[in-house]
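Have a look at the structure below, then the notes.
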Amino acid sequence: MKRRILALILFVPTVLVADGFHMNSQGIKALGMGGFATATANDASTVFYNVGAIAHLKQNTFAAGFSAVLPYTSYLDPFDGNSDRNVTPSFPFHFYGVYKLKNKFTTGFAVFTPYTVNTKWEDDWAGRYIVQEERMQTLNIQPALAYEINEHLSIGAGPILAWAHTKRRHAVDVASSTVEFGEAEYKSSGTGFGFNAGLHYIYNNISIGLNYRSMQKIKLNNGTVTYSDIPQGAVILEGTPSTADYRSAVTLPAMIETGIAYNLNTKFTATFNFSLAQWSKVDAVSFDFVDNKELTFAEGGNYDDCLSFNLGGQYQYNERMVFRAGLVVENSPVKDGYGSPASPDANKFIYSGGVSYLWKQGLTVDGGIMIQNYKSRLESNNVSYNFNGEYKTTLYILGLGISYAF
Amino acid sequence: MFLFIGLLSLSGCKNSFDEPAISAGNADFTHFVALGGYFTAGFGDGALTYDIQKNSFPAILASRFALVGGGDFKQPLVNPGPGLAYDAGYNIISKLTLNISNDCHGNEVLIPFRSAGDPSNENWIGCATCPYNNLGVPGAKSFNLSQNTFGRNLYPPGNPFYHRFASDNVQSSTILSDAALVNPTFFVLWVGNEDVWQYARSGGIGDIDSIGMNDITPVSTFQSAYNGIISSLLAGNASKGALANIPNIDCFPFFTAIPYNGLQLTKAEADHLNATSNIITFHEGANAYVVYPPNSSNYYRQLGPGEFVLLSVPQDSLTCDSLGTPQHPIPANYILDSAEVNNIRTYTALYNNFIASVAAVNDLALVDMQSFFNSFKQAQMNNGVHYTNQYLKNSIFSLDGLYPNARGNAFIANTFIKSINSKYLSTLPLVDANSYRGNTLP
C-alpha cells in the first residue's frame, strides 16, 4: 500500500512562533559562505552582518539583492495521508549603503527582511484546525554609525525600526448541512524597536568580529479575526462573533554572532562563525481579545536556544572571479512535542556555494545558492496540538545581488 | 535563475518517507463480527441512521482490518434519511435534528426535534446480503443474544431492530446463531451496557436484579449469559477478539448536561417561591431543582450533588413553565436519585470486573471504554480541536447526548485499535477522527 503523503509547503526559513535561524540570505556574498560574515567585511551588507566592521571598509559602497526561497516540506500523517502540494516562492530583498565620513567615522544604512513565514497547506488537510495558511512579513530599517579606533579595532552601532505584518487562516470545527467547517482569518501588523552593535578587530591576516542584535518585540495592536462559514446554530451555541479585535506581538530573538577569518594567502580566506539566537527568552505568543475575552489564547514558547556553527571559505580565482562555499550545522529551538505545522522546524545541515564577478570597475555581480537539509522530525506525542506525524523539509535559497564601491 | 526555480518547483525535491509497516500481528481479521447494543449498531441522534451505521466503530475497525486481509464487512443498513427509531408505543419516528427556535424569553435556542419516520426501514431485509458482520442491536441485553424470541415480531420480548434483519425472524435464529454464519476469525464484544443503561435512561423506574426492559440484570444472569456468548464465539474459528467494558453514566451529556442545581432565580422569583413554600428556602442565583421522589406525587424534595436530571426532561418547561419548582416538581422518571445512581455504579463495577476476568482467562484484548469516556471529563485536544463531553459543543456525542456521533465512533475505533495492537502485536494505523463528521448544526 502506498502511504507516501506529500504536503508541500512554502515558508521562508524563520518563523513567527519559533524557528531558530536568521534568514541567511541578507547578503549574497555571505549566502555563499553559509550565511555568516561576522569577521569578513566584503561589501555594504556588512551593515547587517557586523555593524562594527563598516568602519574598516575602504570605500563608499552600496549593495542590493534579492533571493528566492523555495522550501519543500512533506508531512506523513499517522493515518491515511492526503496529498497536498503548494509551491509559492518568496522573494526577500535587501539594500545597504555605507558612506565614509571624516575623522574615521563611517555611516551606514540598511533595509532588509529579517524573518518571513509563508506556509500554505491544502484547506482540507489533516491539520486544518491548526493552520491552513500562515504568513508573516517583516522589515528592518537600520541606520548605523561606526568608528575606527585604530587600524586594528573598529566599533559600530545603530537603532532598528522593525515592522511586521501577519496573517493566519485555520478551519473552525463547526458543520452544517452545507458547510464542512468554518474559517477564521487573523490579520495584524505593527512596529517595534531594537538595536544593533558590533566590534571588529584585525591583526595581520586574522580578523575577528562580534555582532549583537537585540530582541525585537513588535507589538501588533490592530489584530482582527474574521469568521466565515459559521452556521447560525454555532452562533447561538457558542456566541461566535463575525469579527473580533485582538492584541498580540511578534518577538524576534536576540542574536549574538562571533566569527574569525584567516587569510591563508592572498587568494584564500577561511572563516569560522558561531551564533546564538536566544529563543529561550521568547515567550509564548498571546492573542489577547479586547471584547471577546473567551477567545484569548497563547501558543508557542518553551523554546531552546538555537546554536549555529559555520565553516566557510572564499577563493580569489582571478582578478574578476571569487568563489565561495560554506557549511552550517544548527539545532532547532523547538523542543520535541512542540512542533507546529505552521512552521515545521528541525535540526538541520546547510551547505552553500557562491560566485562573484567583477563586471566593471567597482561593480560586482554576486550569486549564491544554499541548500538546507532538515533532519526528519517525528512528532509522536505532540503536546501543543496532539497533532502527530513526520515532517521532512528541504529548502533552497537562490540569491542574486550587485554591489558597487567608489 | 527563474528557469532554475521553475525546474526545482516541478522536478525532484520530494522528501520521501519510509513506508510504515502495517501488519495483523498474531490476529486473523479475515472474518470479523461485532456484537453489542446501541454503541455497536451505529445508533446516534436518537435513531439507527444510515450515516452513523456507515461510520459505526465496527465499520471503521473493518476499514483498518481490510489493510491486513480483512474481508467484506456487511451491515444491516437502514435507508439514508430519517433513520429508524421508535416511541414508547413502538410507533416509528425519525432521528433528531436541530432547529432554531425562540424560547418564552425570546432568546434563540437550538431545539432537537423529530419528524415523520420511514416505515420501510422496518421491513425485513433478512438474508438479502447476509451474513451480517455487524450484529449490534439497539436494546440487546447480554441474555438477549441467545434468545430465539428476540427476533420475533412480538415486542417485547422481540426487538424490532433485530427482527428486521434476523436470518430467521419467525422461529429460530438468535444473534449468536447469526454470528456463527460469519464463521468469525475475530470478534469484538461490547454487551452489558443495556443491562444497566436501560434502567439509567428511564430514570430508574425499573427494578434491580430483574430482567424486564428497564431493569438491571442480576449479576449471575449477566455472568452466565456472557460466558455463553464467549463459549459460542470461541467454539468456531475465533480464538481472538476484544471485549469492551461499560462506561459510567456521569460522563454522558444525557445525564450531566442539566446540572442538579440548574434552577436560576432572580431575587423576586426566589422571594415569590419562599412566600408560597415553607419547606424549602430559595435564594437568588443557582438553586437545586425540586423533584418528586419515586412513586410519589404528594411531597417533594430538592436534588443534591451527584443526582441527575435527564436530558429527556421537557426543557422548555424547565425554562418557561416553573418545572423544577414546588409548583411543578420534576417527575421521578426524569431523575436519577442517589440510590439509583448507586445501583448503576455498583452493577457497572460488578459487570466490568467480570468482563476483565473473562478477558484475562481467555487471553482476549480488554478495551477500557470506561476510562475512555472518563477522559472526556476534561477537554481532549485532537489535531488542533478540543473535544468535550458537553451537549452539542465540540462533542463526541450525537444529538441524543448518549450515543456517539461519527467522530465519537472514530475515537472509539481508535481505542479498540490501540488495545488490539497492544494485545496481538498488530500495527494497524489509527484513523483521523477529525475527518469524521461531528454534529450537524442548523
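The values are calculated or read from the model by the stated rules, or taken from the named source; none is laboratory data. Everything numeric in this text was worked out from a predicted model, so none of it was measured. All Cβ positions, glycine included, derive from the backbone under ideal geometry; neighbour counts span all protein chains shown.
What are the residues in the stretch A:115-154 that are within 25 Å of B:Arg437 (Cβ to Cβ) and either of a type in the set (A, V, I, L, M) or touching a helix residue (DSSP H, G or I) at 6+ places or on another chain (Cβ under 7 Å) (or both), if any? Answer for the stretch A:115-154, where residues must be within 25 Å of B:Arg437 (Cβ to Cβ) and either of a type in the set (A, V, I, L, M) or touching a helix residue (DSSP H, G or I) at 6+ places or on another chain (Cβ under 7 Å) (or both): A:Ala126, A:Tyr129, A:Ile130, A:Val131.
Total residues in the stretch A:108-143 satisfying the condition of being among the β-branched types (Val, Ile, Thr) and not in a strand (DSSP E or B): the figure is 3. Against the criterion of being under 17 Å from A:Ile130 (Cα atoms), more than 14 Å from every other protein chain (Cβ to nearest Cβ) and over 19 Å from the mean Cα position of the chain (by Cα), A:Ala325 does not qualify.
Okay, residues lined up against (1) crowded, with 16+ Cβ neighbours inside 10 Å; (2) among the aromatic types (Phe, Trp, Tyr); (3) more than 21 Å from the chain's Cα centre (by Cα):
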position: B:Ala166; (1), (2), (3): yes, no, yes
position: B:Ile175; (1), (2), (3): yes, no, no
position: B:Val191; (1), (2), (3): yes, no, no
position: B:Arg201; (1), (2), (3): yes, no, no
position: B:Asn227; (1), (2), (3): no, no, yes
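Taking the criterion of being within 21 Å of the chain's Cα centre (by Cα) and either surrounded by fewer than 15 Cβ atoms within 10 Å (Cβ to Cβ) or of a type in the set (Asp, Glu) (or both), the residues of the stretch B:357-374 that qualify are B:Asp368, B:Ser371. In the stretch B:400-442, the residue that is surrounded by the most Cβ atoms within 10 Å (Cβ to Cβ) out of those that are assigned to a loop (DSSP other than H, G, I, E, B) and of a type in the set (Val, Ile, Thr) is B:Val431. Report, by residue number, each residue of the stretch B:383-393 that is surrounded by 20 or more Cβ atoms within 10 Å (Cβ to Cβ) and either within 12 Å of chain A (Cβ to nearest Cβ) or closer than 30 Å to B:Ser220 by Cβ (or both). Across the stretch B:383-393, the qualifying residues are B:Asn383, B:Gly384, B:Val385, B:Tyr387, B:Tyr391, B:Leu392.
For B:Val170, the criteria (1) within 14 Å of chain A (Cβ to nearest Cβ); (2) surrounded by fewer than 16 Cβ atoms within 10 Å (Cβ to Cβ); (3) touching a residue at least 12 places away in the same chain (Cβ under 8 Å) hold in every case but one, which is (1). Yes or no: the stretch B:27-50 includes at least one residue that is closer than 22 Å to B:Val191 by Cα, part of a loop (DSSP other than H, G, I, E, B), touching a helix residue (DSSP H, G or I) at 6+ places or on another chain (Cβ under 9 Å) and within 14 Å of chain A (Cβ to nearest Cβ). Yes: one or more hits. The number of residues in the stretch B:100-120 being surrounded by 13 or more Cβ atoms within 10 Å (Cβ to Cβ) and touching a Pro at 6+ places or on another chain (Cβ under 9 Å) comes to 5.
Each row is one residue, and each column tells you yes or no for (1) under 25 Å from A:Gln137 (Cβ atoms); (2) outside any helix (DSSP H, G or I); (3) of a type in the set (Val, Ile, Thr).
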| position | (1), (2), (3) |
| --- | --- |
| A:Lys217 | yes, yes, no |
| A:Gly223 | yes, yes, no |
| A:Ala234 | no, no, no |
| A:Ala244 | yes, yes, no |
| A:Ala249 | yes, yes, no |
| A:Thr269 | no, yes, yes |
| A:Asn273 | no, yes, no |
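Summed over the stretch B:318-356, residues that are under 24 Å from B:Thr281 (Cα atoms) and either surrounded by 15 or more Cβ atoms within 10 Å (Cβ to Cβ) or touching a Phe, Trp or Tyr at 6+ places or on another chain (Cβ under 6 Å) (or both) total 16. Of everything in the stretch A:201-211 that is in a strand (DSSP E or B), of a type outside the set (A, V, I, L, M, F, W, C) and touching a strand residue (DSSP E or B) at 6+ places or on another chain (Cβ under 9 Å), the residue that is farthest from A:Phe274 (Cα to Cα) is A:Tyr201. Residues in the stretch B:121-136: is at least one of a type in the set (D, E, K, R), in contact (Cβ under 8 Å) with a residue 12 or more places away in the chain, surrounded by 24 or more Cβ atoms within 10 Å (Cβ to Cβ) and away from chain A (no Cβ under 14 Å)? No: zero hits.
Could you say which residue among A:Ala171, A:Ala164, A:Ala184 is away from chain B (no Cβ under 13 Å), within 31 Å of the chain's Cα centre (by Cα) and among the aliphatic types (A, V, I, L, M)?
A:Ala164
Over 23 Å from A:Pro89 (Cα atoms), more than 14 Å from chain B (Cβ to nearest Cβ), in contact with a strand residue (DSSP E or B) (Cβ under 9 Å, 6 or more places away or on another chain) and surrounded by fewer than 24 Cβ atoms within 10 Å (Cβ to Cβ) - does that describe any residue in the stretch A:335-352? The answer is yes; a qualifying residue exists. When the stretch B:80-97 is filtered for residues that are over 16 Å from the mean Cα position of the chain (by Cα), assigned to a strand (DSSP E or B) and over 16 Å from B:Ala41 (Cβ atoms), the ones remaining, listed by number, are B:Ile92, B:Ile93, B:Ser94, B:Thr97. On the stretch given as the stretch B:51-90, residues that are among the basic types (Lys, Arg) and away from chain A (no Cβ under 14 Å) total 2. Count of the stretch A:131-164 residues, restricted to those that are under 30 Å from A:Ser343 (Cα atoms) and of a type in the set (Phe, Trp, Tyr), is 1.
How many residues does the stretch B:394-420 hold that are within 18 Å of B:Gly70 (Cα to Cα), away from every other protein chain (no Cβ under 14 Å) and of a type outside the set (A, V, I, L, M)? The qualifying residues number 2. Go through the stretch A:368-406 residue by residue and tally those that are buried (at least 18 other Cβ atoms within 10 Å of the Cβ), in a strand (DSSP E or B) and at the interface with chain B (Cβ under 8 Å from one of its Cβ atoms). Of the residues in that region, 6 qualify.
Set side by side, the residues A:Ser214, A:Ser189 differ, and just one is more than 20 Å from A:Ser275 (Cα to Cα) and among the small types (Gly, Ala, Ser), which is A:Ser189.
Could you list, in sequence order, the residues of the stretch A:230-268 that are more than 14 Å from every other protein chain (Cβ to nearest Cβ), acidic (Asp, Glu) and over 24 Å from A:Gln314 (Cβ atoms)?
Here is the first cut: in the stretch A:230-268, the ones more than 14 Å from every other protein chain (Cβ to nearest Cβ) are A:241-268.
Still in the list and also acidic (Asp, Glu): A:245, A:257.
Listed by number, the list holds a single entry, A:Asp245.
For the stretch B:421-442, the candidate set comprises residues that are more than 26 Å from A:Tyr129 (Cβ to Cβ) and in contact with a helix residue (DSSP H, G or I) (Cβ under 8 Å, 6 or more places away or on another chain); within that set, the residue that is nearest to the other protein chains (Cβ to nearest Cβ) is B:Thr427. In this structure, B:Thr256 qualifies as within 30 Å of B:Pro329 (Cα to Cα), among the hydroxyl-bearing types (Ser, Thr, Tyr) and modelled with pLDDT of 95 or more.
The residue that is nearest to A:Asp291 (Cα to Cα), counting only those in the stretch A:241-261 that are hydrophobic (A, V, I, L, M, F, W, C) and touching a Lys or Arg at 6+ places or on another chain (Cβ under 7 Å), is A:Ala249.
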